[in-house]
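This report refers to the structure that appears directly beneath it.
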Amino acid sequence: MPYFRWEAKDGVAVVTLDTPGAPVNVISRGVKEELYELLAELERDATVKAVAFFSGKPDNFIAGADIEEFVQLKSSADAEQLSRDGQALLDRVAAFTKPTVAAIHGACLGGGLEFALACRYRVATDHPKTQIGLPEIQLGILPGAGGCQRLPRLIGARAALDMILAGKSERAAKAFRLGIVDELVPPAILKDIALAAALRLAQAPFRRRSGGGFLGAVLDGNPLGRLLVFYLARRQVLAQTRGNYPAPLAALEAVRHGLSHGVKEGLKREAQLFGQLALSDVSRKLVQIFFATRELKKDLGVPGAPPPAEVSRLAVVGSGFMGAGIAGTTVVQVGIDVRLKDADLVRVAKGLVAARDIINDRLTRRRITKFEHARLIAFLSGSDHYTGFGRAELVIEAVFEELAVKQQVLRECEEVLPPSSVFASNTSTIPIARIAETSRRPQQVIGMHFFSPVARMPLLEVIATAATAPQTVSTAVGFGRRLGKTVIVVKDAPGFWVNRILGPYMNEAAYLLLSGVRPDDIDAAMVQFGFPVGPITLLDEVGIDVAQHAGEVLQAAFGERMTPPPALGALVKDGRLGRKAGKGFYTYHNGKKGDVDAAIYPLLGVQPNGGIPSAEIVQRLTYAMLNEAASAVADGVVRTARDGDIGAIYGFGFPPFRGGPLRYLDDLGADRLFAELQRLSERLGPRFAPSEAIVEHARSRARFYT
Amino acid sequence: MTNSTGRRVAIVAGCRTPFCKAGTDLKYVRAVDLARHAARELLERTNLNPHAVNEVIFGQVVASPLVPNVAREVSLLPQFPKEIPAYTVNRACASSNQAVTAAHDQIAFGHADIILAGGVESLSDVPILATRRLSDILVTASKAKTLGSRIATFARIRPRDLIPVSPAIAEPSTGESMGQSAEKMAKENHISREEQDRWALRSHQLAAQGTADGRLTAEIAPWLPERAGATVVSADNGIRTDTSLEQMAKLRPVFDRRYGTVTAGNSSPLTDGASAVLLMAEEVARALGYEPLAFVRSYAVAAVDPGWQLLQGPIWAVPIALERAGIQWKDLGLIEMHEAFASQVLSNLQGFATKGWEINEDIINVMGSSIAIGHPFGATGGRLVTTLANEMKRRDVQFGLISVCAQGGMASAVVLERR
């Protein structure tokens, strides 16, 4: 048996799943077939009184079903059959005549959790690597091997829906609290306790106490309460997905159907819905993103790149919002020394407080203990001198966006840094090559463009110049990845990738404002399209002055087609810089966003007239972006369409279910986009003129993805 | 001079937190955090690889019961590997002298190459004790088996048991407080109020000058507040730039209101702060590319009967240290004397003078001392070593002396040499 091995210990069969040649276990066809054989063998063996399942992988129980098999599905019927097969196997596990115990250490996700749920008893380690969850929703599908049936029966509909619909994995302690696992133990005694449990179960049947308390009885335990639970869950799903994602609603239906018609019917419905979702366009797009992200995790950004240099100490120059964000995120994610430097101590202190807030937030959310918190806090320090830079392998500057300032910082850093260290600039508008002009070691200068707020935004653009050495690239990419960021390497061209394609989109939003469209109408249209926030809210978040500056840089580089309409200047002059100033397009009270501030209309010189339908808003904004995206790809700004799409999705939330701007362009068809752009250009001006790249794509019927 | 193993011990660098009067700018900071800050900033300033440190030794006089071995908490900073042993010493006000000389010994013996020594005190954060009776009752109650017996135990508490006991700065053997000892020394050695005030004023003026010209500031690692809006503390806050003899003369004596001469003005204040000093074997320092500030040439400790003149120990310790150094008083180019009280400094100097030693005030406490800068008990020695070594380098002085009087009638003297 290549996958499973077992030995008898005191009448318990200790079964270990250990997929050969793979870092983690997944439930593949091979595993399934072998498990049937194994179960038959264990059933026959009279010396076996009970079975305990372990994983042979460090820090991984079972990561889920085999996604490669899933991708190869050709029809809904095949997908439904795949689900039925999984259900049948786990029914076999659940109906096994001897007690079964799952001994969980490490990730226990998706099909892995469904397997564990089919066992009679679950013991999990209290280790942080032990993560338990059903992430299927994130791939646009639902738990199709009985998860929609077994979990609600184990922990109640409310808690089960929370887990299934969010697709979030939980720590073992939470899973224990919810009743998913029966015992929580330190890793060192997992085996002993699991075996003891198996023996105990072999001697006397085990009855699980139903949890949930009074609320559980009222809401989960009776049909009327469940009606309310499902009503509320549905409402929440619709508010979050705007109907763009079918999987959460399908999962809701699978759970509901099972609870009202019994397990057998529930499983049938679950498999049906799984079949429908598996081949859906949304799921395909989400799976593509999953694979693209996974590939990017192995990609160091240059062909044949040397391994990243070790970074055991980071120096950050500039303790403003970005610098502090980079510092705090580094401490939380990487756990290394961070030295913050700014011109005066008051600023340094403010930056350290902001960085500390990121660490405090982890404590507040109980992701770390107070002792870990104290340890992390001690990684942060700062000064108004370059003390401590002598041992920094990487320095990231986040000072004022002005070339001369950045060049000076670079020169000062090179005086004190060790000769092998990398200097990274967190600029969004200045060409890295210009900054590197004053460097003694231009091969060690690179751009690391973070997005704000650093702790939460998942993307990092790494910008290599022509002079940047491959090792410098891999060091920056490797460090970005340790920060938990998805990293794309882009060309040193104005706006890089994200801001360049955002430019025309933001400009168009401003044109719409000036033609009398309400800000909240623009935002609502784009949120309905699938963006997490609309462009006007984004302006407020980024800072209207920052956006204005970025716009000017793009205009200087690309001329007329990137010319921003004169909308933002008036607001900046009025001190309306967005959320950070407490006023922008919207009002802000104690950090909470309110309604559109009516005071903007006189500043913009318009009266809201509600004239433009949301379909046109969406069209103008997205087409402007797609036009520029094609042109940026043609300029070689991103290495692959994959990087471009991932950058747009993680950088500013381009709707994932549309696969990213380039995939969306492919779906739309370059010829159709060409025609639409021409029409818009005739009506609204040359800024919509199809870019050469679009013309070429339309002519040759080329696609970004083949 | 070489010692028994031939290993010379270098003072490579030192730094400290600002020294702040107890109950002021650093009052919410725990002693352990002050100590960690000083240690960490010393690492930053020297770019030392923390893995190279072999031991951490810190001095502290009034330890928090929650952090009984503050040195270990320093060596458990995440910058260090967790395997660096550490211990805390208490030789009263000479505790960080003791930390430095203990480090010297370990390095000289070849037991260590690099040691981080230092000291800390937070007099804003002293343990307040429960009365003996209350603690008895609490202990008994915690062992009670039934609720009834627990309530019965608690019922024994009387209001007077609830009055907290705070530690006094008094000699356990004589009951005499520090201030009373200083008062006694002023009287027995006939040191006038004016002489004391003059010395105190000198301390403030020189410290103010050392701060203004950046020599003292250079030793200070500013304390950056942990909460938004709080102030950055980058200088000692006890140094008075505006005081005068007339103003000092207006202060009333504290310890003997009728015939006394010791006032708050001519005494060192209760202070919060920490200091850290990096010591290395000479060849190790050179191999790592460090230019030593100075070397430890010799040291000595001594004690007198606390019932006599409590703070007169230096006149016993200093001659021994000089003898061990093989030098004479007149060879000294700089002297750092801890100032617990002006009457103590002047008594010590008087004692030195009776040995026929010429007192040259121009080389004594050239940047003021504890009366102005403050005196966090456990941290003062580290400050003196740092200040002396830095100034010896600036003036290129060959021999320097540190003299510290301490509670219990003790004293510590250290001789540093430049080359």
**OP:** Determine whether the range B:17-36 contains at least one residue that is within 14 Å of chain A (Cβ to nearest Cβ), among the hydroxyl-bearing types (Ser, Thr, Tyr) and in a helix (DSSP H, G or I).
**Re:** no
Original post:
Are any of the residues in the range B:347-364 among the acidic types (Asp, Glu), under 30 Å from B:Ser192 (Cβ atoms) and in a helix (DSSP H, G or I)?
Top reply: yes
Original post:
Would a scan of the range B:72-81 turn up a residue that is more than 10 Å from every other protein chain (Cβ to nearest Cβ), over 18 Å from B:Arg30 (Cα atoms), of a type in the set (D, E, K, R) and not in a loop (DSSP other than H, G, I, E, B)?
Top reply: no
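Residues that are over 15 Å from A:Asp523 (Cβ atoms) and either of a type outside the set (A, V, I, L, M, F, W, C) or more than 29 Å from the chain's Cα centre (by Cα) (or both), at least 1 per element: which helices (runs of 4 or more DSSP H) completely within the range A:534-593 meet that?
So the answer is A:544-558, A:568-573.
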**OP:** Working only within the range A:602-639, note down all residues that are on the phi < 0 side of the Ramachandran plot, under 26 Å from the mean Cα position of the chain (by Cα) and assigned to a loop (DSSP other than H, G, I, E, B).
**Re:** A:Val637, A:Arg639
**OP:** Give me a count of the residues in the range A:319-338 that are within 10 Å of another protein chain (Cβ to nearest Cβ), touching a strand residue (DSSP E or B) at 6+ places or on another chain (Cβ under 9 Å) and surrounded by fewer than 24 Cβ atoms within 10 Å (Cβ to Cβ).
**Re:** 1
Original post:
Taking B:Gly23, is it buried (at least 22 other Cβ atoms within 10 Å of the Cβ) and not hydrophobic (A, V, I, L, M, F, W, C)?
Top reply: no
Subject >> Of residues in the range A:30-77 being more than 30 Å from A:Asp10 (Cα to Cα) and in contact with a Gly (Cβ under 6 Å, 6 or more places away or on another chain), the one surrounded by the fewest Cβ atoms within 10 Å (Cβ to Cβ) >> reply: A:Ser76
Original post:
Any residue at all in the range A:294-311 that is outside any helix (DSSP H, G or I), touching a helix residue (DSSP H, G or I) at 6+ places or on another chain (Cβ under 7 Å), within 14 Å of chain B (Cβ to nearest Cβ) and modelled with pLDDT of 95 or more?
Top reply: no
**OP:** Tell me which residues, restricted to the range A:344-399, are away from every other protein chain (no Cβ under 11 Å), in contact with a Ser or Thr (Cβ under 7 Å, 6 or more places away or on another chain) and not hydrophobic (A, V, I, L, M, F, W, C).
**Re:** A:Glu393, A:Glu397
Original post:
Just wondering, is there one or more residues in the range A:418-440 that are free of Cβ contacts under 8 Å to residues at least 12 places away in the same chain and aliphatic (A, V, I, L, M)?
Top reply: no
Original post:
Quick one: what pairs do we get from the range A:167-185, first residue among the polar types (S, T, N, Q), second not in a loop (DSSP other than H, G, I, E, B), C-beta under 7 Å, 6+ apart or different chains?
Top reply: A:Ser169/A:Leu109; A:Ser169/A:Gln131; A:Ser169/A:Ile132; A:Ser169/A:Gly133; A:Ser169/A:Pro135
Original post:
Going by the structure shown, is B:Leu43 within 13 Å of chain A (Cβ to nearest Cβ), in a helix (DSSP H, G or I) and either over 22 Å from B:Asn90 (Cβ atoms) or hydroxyl-bearing (Ser, Thr, Tyr) (or both)?
Top reply: yes
Subject >> The lone exception for A:Phe652 - which of (1) at pLDDT 95 or above; (2) within 26 Å of A:Asp521 (Cα to Cα); (3) within 30 Å of the chain's Cα centre (by Cα) it fails >> reply: (1)
Original post:
Hey, B:Val61 hits all of (1) under 14 Å from B:Glu121 (Cα atoms); (2) within 14 Å of chain A (Cβ to nearest Cβ); (3) not aromatic (Phe, Trp, Tyr) but one; which does it fall short on?
Top reply: (2)
Original post:
Among A:Ala615, A:Ala641, A:Ala550, A:Ala634, which is surrounded by fewer than 24 Cβ atoms within 10 Å (Cβ to Cβ) and either within 19 Å of A:Ala510 (Cβ to Cβ) or polar (S, T, N, Q) (or both)?
Top reply: A:Ala550
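Could you please find all residues in the range A:339-365 being among the small types (Gly, Ala, Ser) and buried (at least 16 other Cβ atoms within 10 Å of the Cβ)?
Here is the first cut: in the range A:339-365, the ones among the small types (Gly, Ala, Ser) are A:343, A:349, A:351, A:354-355.
Those that are among the small types (Gly, Ala, Ser) and buried (at least 16 other Cβ atoms within 10 Å of the Cβ): A:Ala349, A:Gly351, A:Ala354, A:Ala355.
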Original post:
Out of the range A:83-92, which residues are crowded, with 23+ Cβ neighbours inside 10 Å and within 19 Å of A:Val51 (Cβ to Cβ)?
Top reply: A:Leu89, A:Leu90
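Out of the residues in the range B:192-225 that are in a loop (DSSP other than H, G, I, E, B) and touching a residue at least 40 places away in the same chain (Cβ under 8 Å), state the one that is farthest from the other protein chains (Cβ to nearest Cβ). Talk me through it step by step, then tell me what you get.
Of all residues in the range B:192-225, those in a loop (DSSP other than H, G, I, E, B) come to B:192, B:213-216, B:221-222, B:224-225.
The next check asks that each one be touching a residue at least 40 places away in the same chain (Cβ under 8 Å); those that pass are B:192, B:215-216, B:221-222.
On the way: B:Ser192: 43, B:Arg215: 16, B:Leu216: 16, B:Ala221: 8, B:Pro222: 6 Å.
Step by step, filter the range B:192-225, then rank; the result is B:Ser192.
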**OP:** Return only the number of the condition from (1) out of contact with any strand residue (DSSP E or B) (no Cβ under 7 Å at 6 or more places or on another chain); (2) at pLDDT 95 or above; (3) assigned to a loop (DSSP other than H, G, I, E, B) that B:Arg419 does not satisfy.
**Re:** (2)
**OP:** Would you be able to say whether some residue in the range B:302-315 is in contact (Cβ under 8 Å) with a residue 12 or more places away in the chain and touching a His at 6+ places or on another chain (Cβ under 7 Å)?
**Re:** no
Original post:
Can we say A:Val12 is of a type in the set (Val, Ile, Thr) and modelled with pLDDT of 95 or more?
Top reply: yes
Original post:
Consider B:Ile107 against the criteria (1) in a helix (DSSP H, G or I); (2) under 20 Å from the mean Cα position of the chain (by Cα): it satisfies all of them except one. Which criterion is unmet?
Top reply: (2)
Original post:
What number of residues within the range A:135-157 are β-branched (Val, Ile, Thr) and not in a helix (DSSP H, G or I)?
Top reply: 1
Original post:
Going by the structure shown, is B:Val56 part of a strand (DSSP E or B), touching a Lys or Arg at 6+ places or on another chain (Cβ under 8 Å) and at pLDDT 95 or above?
Top reply: yes
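Here is a yes/no grid of residues against (1) within 24 Å of B:Ser177 (Cα to Cα); (2) in contact with an Asp or Glu (Cβ under 9 Å, 6 or more places away or on another chain):
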site: B:Ala264; (1), (2): yes, no
site: B:Glu282; (1), (2): no, no
site: B:Ala287; (1), (2): no, no
site: B:Leu293; (1), (2): no, no
site: B:Val296; (1), (2): no, yes
site: B:Leu322; (1), (2): no, yes
site: B:Gly326; (1), (2): no, no
site: B:Asp331; (1), (2): no, no
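How about the range A:399-437: which of its residues are among the polar types (S, T, N, Q) and crowded, with 17+ Cβ neighbours inside 10 Å? Step through it out loud before you land on a result.
So in the range A:399-437, the residues among the polar types (S, T, N, Q) come out as A:407-408, A:420-421, A:425-429.
Correct list: A:Gln407, A:Ser421, A:Ser425, A:Asn426, A:Thr427, A:Ser428, A:Thr429.
Give the residue that is surrounded by the most Cβ atoms within 10 Å (Cβ to Cβ), with candidates limited to residues of the range B:226-247 that are within 14 Å of chain A (Cβ to nearest Cβ) and hydrophobic (A, V, I, L, M, F, W, C). Before the answer, list the steps.
Initially, the range B:226-247 is screened for residues within 14 Å of chain A (Cβ to nearest Cβ), giving B:226-235.
Then drop every residue that is not hydrophobic (A, V, I, L, M, F, W, C), which leaves B:228, B:230, B:232-233, B:235.
Working: B:Ala228: 12, B:Ala230: 14, B:Val232: 19, B:Val233: 22, B:Ala235: 16.
This residue is B:Val233.
The values are calculated or read from the model by the stated rules, or taken from the named source; none is laboratory data. Not measured: the values here are computed from a predicted model. Note: ideal-geometry Cβ built from the backbone for every residue, glycine included; neighbour counts use all protein chains shown.
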